[in-house]
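Where a number appears in this text, it was derived from the coordinates with a stated rule and is not lab data. Keep in mind it's a predicted model, so treat the numbers as computed, not measured. For neighbour counting, all protein chains shown are included, and Cβ atoms are generated from backbone atoms with ideal geometry for every residue, glycine included.
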Amino acid sequence: MSVTLEAQLIAWRRELHQYPELSNHEYATSERIRGWLADAGIRLPDYPVSTGVIAEIGSGEPLIALRADIDALPIHEATGLGYRSRHEGVMHACGHDMHSAVMLGAALLLKAQESQLPGRVRLLFQPGEENCTGARQFINAGALNGVQAIFGMHNEPGLPTGTFATRAGAFYANADRFVIRVEGKGAHAAHPEQGVDAIVIASQIIQALQALTSRSFNTLDSLVLSITRIDGGKSWNVLPGVVEFGGTARTHDFQVRAQLEARVRRVVESVAAGAGAHATLSWHPGPPVLINDSHWANFSSEVARQCGYTVQTADLHLGGEDFAIYLQQIAGAFVSIGSGSEYGLHHGGFNPDEALIAPAANYFARLASQALR
Ligand code: NI
């Protein structure tokens, strides 16, 4: 890749970084991406989407898709960089600006060899990854129509730049959210016997859930349940009638997920009933487990080796990723590329290494053209 192209990609990434937009509000981001692609003479077929951009290079069959996500997070940026976010309280803290720059670079490289491509590459600049709405929107808009295989990436701050990792089969987790509501009976704090103490019952449920995950599942099942929020009570001398708390559950298997939900529900209802209270569980499925096709995962690693990456087999990842929804429809592979940041994803100090952009752009251009062959 030429120095000027690399400099261009970094400049685009910084521009996206300075003007981050939240999920499903990526209007200016989409406008910028559309403009850069159009200036390069790349086709932008019309799809019924309100944000996000879909581009196409080459002609005929087969058809391969490359996907980048484009949304940012409600996080205050604390990097102190010259090109830090100009949108107060919004930050590209997951590196989707990096992913966008990578796929813009892949698009330009593929455009330069368009006449030799034995098929078509469709590039999906997808909105709404963080709230798990974008992949479904794109699929409903027809973005996968005719696509034979799809590829995407996430930067991995824990891996050094120049390192690549993926795995066949389950990779990212079922990333679910749940809310538990305990309804007791409020009372004066000096007279708990006149009420039903929702705080004590909530704490019993939380303890029971931790014992449930450690005692009721096979140690080898990948499973984590964290309570991240408790809300109840406003005063020092009143026992609240209601406590609500919630968190997230991560699994890598649909059966384990279903068993977990059923057992959590049983614990919640029975602990509360035993104490004379009533409790309910609402379970909100997030992105499903991401399952890489083994052929395409191995193929992705092989192309990474050819491109000079240090290639590893990835561990199971406990994050959620809505790319999983594409992989429920068609085969493909999702990969991790090292971004060597001291601070991790979704942290105000997250600062990925821009040196990953040019090699990764090169990689995805090569991956797509080899996949077509
Ligand atoms: Ni992300």
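Things worth noting here:
- What you get for the range 58-130, charging only the Cβ of Lys and Arg (+1) and of Asp and Glu (-1), is a dipole of about 280 debye around the Cα centre.
- Exposure proxy ranking, count of Cβ atoms within 10 Å, fewest first, for Leu144, Leu318: Leu318, Leu144
- Backbone geometry of the range 337-342 corresponds, through the Karplus equation with coefficients 6.51, -1.76 and 1.60 at θ = phi - 60°, to 3J(HN,Hα) couplings of 10, x, 10, x, 9, 4 Hz, x marking Gly and Pro.
- D by Stokes-Einstein for the range 176-284, Kirkwood Rh over Cα pairs, 10 °C, 1.306 mPa s: 111 µm²/s.
- Peptides 25-32, 13-20, 279-286 ranked from most to least packed by the mean count of surrounding Cβ atoms within 10 Å: 13-20, 25-32, 279-286.
- Theoretical FRET efficiency, 1/(1+(r/R0)^6), r = Cβ-Cβ of Trp236 and Gln259, R0 56 Å, to 0.05: 0.90
- The range 193-259: trypsin sites (Lys or Arg not before Pro) in DSSP loop, at most 12 other beta carbons within 10 Å: Lys234
- Between the range 138-176 and the range 293-336, the Cα center-to-center distance that results, in Å: 6 Å
- When every Cα-Cα distance of the chain is counted in 10 angstrom steps from zero, the calculated P(r) takes the values 5, 22, 29, 21, 13, 7, 3, 0, 0 percent.
- For the chain, a simple Cβ point-charge model (Lys and Arg +1, Asp and Glu -1, everything else neutral) yields a dipole of about 420 debye relative to the Cα centre.
- Packing-based order for 71-80, 88-97, 324-333, using average beta carbon neighbours within 10 Å, highest first: 88-97, 324-333, 71-80
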